[in-house]
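So the structure is just underneath, and the comments pick up after that.
The values are calculated or read from the model by the stated rules, or taken from the named source; none is laboratory data. As the structure is a computational prediction, the values presented were derived from the model and not from experiment. Cβ placement follows ideal geometry from the backbone for every residue including glycine, while neighbour counts extend to all protein chains displayed.
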2 protein chains.
Amino acid sequence: MAKIAIIGAGTIGLSFAALHLAKDPGCSVAIYDTRTDLQEYVSQHLPGYLVDADEISCIRRLSFSQSLKSAVEDAAVVQEQGPENGDFKRSIWPQIEQHAPADALFWSSTSGIPASEQNQDMKDRSRLVVCHPYNPPHIMPLLEVVRSPQTSDDVVERTLQYWRGLGRTPVVVKKECVGFVANRLAFALFREACSLVSQGVVEVEDLDEIVRASMGPRWTVAGPFKAYHAGGGQGGLRSFLDKIGGTVDSCWNASDEDLRQGKIKIGEAWQESICRQAQDVYGVADTAERDQKTRRVLEAVNE
Amino acid sequence: MAKIAIIGAGTIGLSFAALHLAKDPGCSVAIYDTRTDLQEYVSQHLPGYLVDADEISCIRRLSFSQSLKSAVEDAAVVQEQGPENGDFKRSIWPQIEQHAPADALFWSSTSGIPASEQNQDMKDRSRLVVCHPYNPPHIMPLLEVVRSPQTSDDVVERTLQYWRGLGRTPVVVKKECVGFVANRLAFALFREACSLVSQGVVEVEDLDEIVRASMGPRWTVAGPFKAYHAGGGQGGLRSFLDKIGGTVDSCWNASDEDLRQGKIKIGEAWQESICRQAQDVYGVADTAERDQKTRRVLEAVNE
């Protein structure tokens, strides 16, 4: 029975624990976290992540470790989601390396501290790779497998295999970069959204509706390159850019101009009005409904 | 029986004709286009747009007009998708205005020529509004209802009512701007995608997979504002930006820096390699499969 050691039991840690337990009936999960109410906390929150799973079987395969050593010493995978702090991460991997089996996979769930920074004090820097989820990982299929210049091909390959075996969608990010890929893409659109709302072109709720009725479903079925490749007909993306490139360029130029004028930087004045609109329109978010709908959408596209 | 006049029978015109015929059994559609093989062309291509519809009933309610006058003279709606050319559009609306009923709605499907430019020679400039679809309109729910400073509230209101009655998602764009909203948002993400691929961070196919496994389904269920509002928990978007704003800002700064260095402008060198990757990976696109999956996804989220 392959053992997964979950280091750090925040919401990401619990969501991953639930994912492993629910998708691989042959695994056990050991959770290690320094919080004093760990068992109580996990017992209270984990069931919420175990929708559609055999809860009794999952809980039976779950254990709590009293030390980092006991958590990792016979683990096949060590998955870390501790504090987003370079010093913490640099210091924990040598300890994990010391106690874990020689062939255990080492994954960090960090959204921003690259493996090349985390691995600096490890004996074998090739063992560590970032597996950055899209929240919440028990629902969203994506794992960004961000390799450092040191990460070995073997580690990448075994990491991909593991996640594919769980029915997830691991994707290799070949070079470390600020924010990795998913957040970079999403934040680029989000900035344009903030800019257009700030200019009074469209309301917060209406902009959301625009995305839900167009790009959302389109990009669930085909990513942006494939979508525009189809838009170009027989000649593909090349034809698309030949035909529509002028429009694309004028949109990019208009965006640049608006961003310069509108100063869409975090902390500037535009933020307050948009946050107020979101609060007025949405109140407190119902993530349970969101997650249920997301499951249905993912099932529909994979049918 | 309300008559819809479709002016211009390209792919958008046919897709709209099919949409009206299929979704409103009480309407008739008259198509006007200067192409000489109009009837043959429509007969050949329209059935492809009539999936899940009663084809015989639809075709029975379809007619071809020999002149612009006869097309519009008893129409409830005149929907224009002629050439994307300001002179053409400025010249056609006064003719339509002359022959159409006084209460007919006037819609342009343009993706870029605002109503305020098209309406310049009309007697009553308040009658025209842009209804920009997301391609193909018989599948994608979105209509961007882009009002000019002259468009009347009554025209906007009746336009929204019509589309809502057809089960579509019309959204008001309050100010004319380059590219309107949907394309501006999509192109912002697309630019970041081109930039990241050009830097060798990720492959074309892998980037598409990242979007399909994360933002696509997320934004099908909740638009970007609602999604990040939920990400902030109880405190909503304000908390999200307080907590994650630093990361967002560093991603935006990194993107700006990359764009400056990478010169992601249409026609520059980066384009060729990306187009070749898309061609190698995707070949000729299968839009039928895309449309079928999109229908399933839209059904799933609206269940």
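Here B:Arg168 does not qualify as free of Cβ contacts under 8 Å to residues at least 24 places away in the same chain and closer than 27 Å to B:Ala288 by Cα.
For the range A:262-281, filtered to residues that are of a type in the set (S, T, N, Q) and more than 7 Å from every other protein chain (Cβ to nearest Cβ), the residue that is surrounded by the most Cβ atoms within 10 Å (Cβ to Cβ) is A:Gln277. Take the range A:179-214 and flag every residue that is among the charged types (D, E, K, R) and either closer than 13 Å to B:Ala188 by Cβ or touching a residue at least 24 places away in the same chain (Cβ under 8 Å) (or both). Once the filter is applied, which keeps residues that are among the charged types (D, E, K, R) and either closer than 13 Å to B:Ala188 by Cβ or touching a residue at least 24 places away in the same chain (Cβ under 8 Å) (or both), the range A:179-214 yields A:Arg184, A:Arg191, A:Glu192, A:Glu203, A:Glu205. Filter the range B:288-303 for residues that are in contact (Cβ under 8 Å) with a residue 60 or more places away in the chain and at the interface with chain A (Cβ under 8 Å from one of its Cβ atoms); which is surrounded by the most Cβ atoms within 10 Å (Cβ to Cβ)? Per the stated criteria, the residue is B:Val297. In the range A:143-157, of all residues being crowded, with 18+ Cβ neighbours inside 10 Å and hydroxyl-bearing (Ser, Thr, Tyr), the one that is farthest from the chain's Cα centre (by Cα) corresponds to A:Thr151. On the stretch given as the range A:1-54, residues that are of a type in the set (Ser, Thr, Tyr) and free of Cβ contacts under 8 Å to residues at least 60 places away in the same chain total 6. The single condition from (1) surrounded by fewer than 16 Cβ atoms within 10 Å (Cβ to Cβ); (2) in contact (Cβ under 8 Å) with a residue 40 or more places away in the chain; (3) facing chain A (nearest Cβ under 7 Å) that B:Val284 fails is (2).
Yes/no per residue for (1) among the β-branched types (Val, Ile, Thr); (2) farther than 25 Å from A:Asp256 by Cα:
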| site | (1), (2) |
| --- | --- |
| B:Ser214 | no, yes |
| B:Arg218 | no, yes |
| B:Phe225 | no, no |
| B:Gly232 | no, yes |
| B:Cys251 | no, no |
| B:Ile274 | yes, no |
| B:Val281 | yes, yes |
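Going through (1) assigned by the TED database to the domain that holds A:Arg276; (2) assigned to a loop (DSSP other than H, G, I, E, B) one by one, A:Phe187 falls short only on (2).
Would you pick out the residues in the range B:44-82 that are of a type in the set (S, T, N, Q) and over 24 Å from the mean Cα position of the chain (by Cα)? I'd like the intermediate steps shown before the answer.
First, pick out the residues of the range B:44-82 that are of a type in the set (S, T, N, Q): B:44, B:57, B:63, B:65-67, B:70, B:79, B:81.
Residues satisfying the conditions are B:Ser57, B:Ser63, B:Ser65, B:Gln66, B:Ser67, B:Ser70.
Does B:Ile6 meet the test of being β-branched (Val, Ile, Thr) and within 17 Å of the chain's Cα centre (by Cα)? Yes, satisfied.
Hey, can you tell me all the residues within the range A:245-261 that are of a type outside the set (Phe, Trp, Tyr) and crowded, with 18+ Cβ neighbours inside 10 Å? Spell out the reasoning first.
Applying the first criterion (of a type outside the set (Phe, Trp, Tyr)) to the range A:245-261 yields A:245-251, A:253-261.
Those that are of a type outside the set (Phe, Trp, Tyr) and crowded, with 18+ Cβ neighbours inside 10 Å: A:Val248, A:Cys251, A:Ser255, A:Asp258, A:Leu259.
Between A:Asp258, A:Asp242, A:Asp206, the distinction of being within 23 Å of B:Val181 (Cβ to Cβ) and at pLDDT below 95 belongs to A:Asp258 only. Does B:Arg212 satisfy the criteria of being among the basic types (Lys, Arg), surrounded by 18 or more Cβ atoms within 10 Å (Cβ to Cβ), at the interface with chain A (Cβ under 9 Å from one of its Cβ atoms) and within 16 Å of the chain's Cα centre (by Cα)? Answer is no for this residue. Here B:Trp219 passes the criteria (1) surrounded by 14 or more Cβ atoms within 10 Å (Cβ to Cβ); (2) out of contact with any Ser or Thr (no Cβ under 9 Å at 6 or more places or on another chain); (3) of a type in the set (A, V, I, L, M, F, W, C) except the one numbered (2).
From the list A:Val173, A:Val202, A:Val181, the one residue that fits, being touching a strand residue (DSSP E or B) at 6+ places or on another chain (Cβ under 8 Å), farther than 30 Å from B:Asp286 by Cα, at the interface with chain B (Cβ under 7 Å from one of its Cβ atoms) and buried (at least 21 other Cβ atoms within 10 Å of the Cβ), is A:Val202.
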